[in-house]
Amino acid sequence: LPEARGAVGYGDVVTRDGDYFGPLVHIVARSVKVADQSSVVVDQAVVTRCQAAGAKIRFTSIGPQTLRGIEEPVTLFTAEEE
């Protein structure tokens with residue numbers, strides 16, 4: 001199996017019958033494709049909330065990313081344990 005990769009976003013979603021809908025769902029689904037193997041990418045909202053909470057996570061910007069089906073570029077960060 002290939003090594004795992006992931007993406008995390010923070011924001012509002014709509015739930016119905018156990019499924020999630022909304023722009024954030026699409027952004028996270030597209031963001032995982034730019035993550036390197038064995039890494040996790042996050043959006044600015046996750047960075048902001050983690051820093052406010054004092055989480056021991058190092059974030060490194062990978063810059064604005066053009067994601068398929070998303071109108072504006074999304075700035076993403078890699079997340080690593082400090």
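The values are calculated or read from the model by the stated rules, or taken from the named source; none is laboratory data. Just so it is clear, the model here is predicted, and its values are computed rather than measured. When we count neighbours, we look across all protein chains shown, and the Cβ atoms used for this are built from the backbone with ideal geometry, even at glycine. Heads up: the accessible areas ignore ligands, DNA and RNA and are worked out on the full protein's heavy atoms, side chains in. Shrake-Rupley method; radii C 1.70, N 1.55, O 1.52, S 1.80 Å.
With the full set of protein chains in place, find how many percent of the accessible area of the chain is carbon and sulfur; take the probe as 1.4 Å. Walk me through the numbers before you get to the answer.
Working: 3040 of 5850 Å².
C and S fraction of accessible area: 52 percent.
Which whole-number percent is the relative contact order of the chain (Cα, under 8 Å, 6+ apart)?
Working: 135 pairs, mean separation 24.2, N = 82.
Relative CO of the chain lands at 30 percent.
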Which net charge results for the neighbourhood of G69, defined as the other residues with beta-carbon distances under 13 angstrom from its beta-carbon, given Lys and Arg at +1 and Asp and Glu at -1? +1
What does the accessible area per residue of region 1-68 come to in Å², with a 1.4 Å probe and no ligands, DNA or RNA counted? 71 Å²
Roughly what would the spin-label model give for F21 and T75, points 7 Å off Cα along C-beta, in nm? 3.1 nm
Ranked packing of 50-60, 26-36, most packed first, by mean Cβ within 10 Å: 26-36, 50-60
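Given charges of +1 on the Cβ of Lys and Arg and -1 on the Cβ of Asp and Glu, with all other atoms neutral, how large is the dipole of the chain about its Cα centre, in debye to the nearest 20? Please list the in-between numbers first.
Values: 8 positive and 11 negative charges, 10 e Å.
In total the dipole reaches around 40 debye.
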Taking just the alpha carbons, could you work out the radius of gyration and Dmax for the chain, both in angstroms? 13.0, 38
